[in-house]
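The values are calculated or read from the model by the stated rules, or taken from the named source; none is laboratory data. Computed from a prediction, not measured in an experiment: that's the story for all the values here. When we count neighbours, we look across all protein chains shown, and the Cβ atoms used for this are built from the backbone with ideal geometry, even at glycine. Remember, those area values only see protein heavy atoms, side chains included, never the ligands or the DNA or RNA. Shrake-Rupley method; radii C 1.70, N 1.55, O 1.52, S 1.80 Å.
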Amino acid sequence: QVQLVESGGGLVQPGGSLKLSCAASGSIFSIYAMSWYRQAPGKQRELVAAITSGGRVIYGDSVKGRFTISRDNAKNTVYLQLNSLKPEDTAVYYCKVVTDYGDSWGQGTQVTVSS
């Protein structure tokens, strides 16, 4: 079993920044890809960014150049740095990790961008 604990969400003004963290714990032998998704009200969940165990990254088109994903393998933690935030970035952000047990999801953390 894998447990994920997310933190770092909150209310921020347009143009501001936040840093999200997601720490994995449990019977983990290997973590493969780690990623962040988001879901805004009335919309489908979408991929924000993903990073492989080798450090390869991909980003959703709407966040390229503004968000940065990173991971600390020693801590089984993935981060998402959110810069130049826009109101349309408002959503619940979820982390997902792929391990030997399959996909595991975090509980979500709310990011609200508003003046």
Original post:
Filtering the range 1-13 down to residues that are small (Gly, Ala, Ser) and assigned to a loop (DSSP other than H, G, I, E, B), which residue is surrounded by the fewest Cβ atoms within 10 Å (Cβ to Cβ)?
Top reply: Gly8
Subject >> Residues satisfying the stated conditions in the range 20-39, i.e. surrounded by 14 or more Cβ atoms within 10 Å (Cβ to Cβ) and either under 13 Å from the mean Cα position of the chain (by Cα) or of a type outside the set (Val, Ile, Thr) (or both) >> reply: Leu20, Ser21, Cys22, Ala23, Ala24, Ala33, Met34, Ser35, Trp36, Tyr37, Arg38, Gln39
**OP:** Identify, from the list Gly16, Gly42, Gly54, the residue that is surrounded by fewer than 19 Cβ atoms within 10 Å (Cβ to Cβ), assigned to a loop (DSSP other than H, G, I, E, B) and on the phi > 0 side of the Ramachandran plot.
**Re:** Gly42
**OP:** Look at the range 82-95 and say how many of its residues are open to solvent by less than 30 Å² (accessible area, probe 1.4 Å) and more than 19 Å from Ser114 (Cβ to Cβ).
**Re:** 1
Original post:
Asp100 versus (1) in contact with a strand residue (DSSP E or B) (Cβ under 6 Å, 6 or more places away or on another chain); (2) under 20 Å from Gln3 (Cβ atoms): which is the lone unmet condition?
Top reply: (1)
Subject >> Residues that are part of a loop (DSSP other than H, G, I, E, B) and in contact with a Phe, Trp or Tyr (Cβ under 7 Å, 6 or more places away or on another chain), drawn from the range 84-110 >> reply: Asp100, Gly106, Gly108
Original post:
Under the condition of being basic (Lys, Arg) and closer than 18 Å to Ser7 by Cα, which residue from the range 62-81 is surrounded by the fewest Cβ atoms within 10 Å (Cβ to Cβ)?
Top reply: Lys75
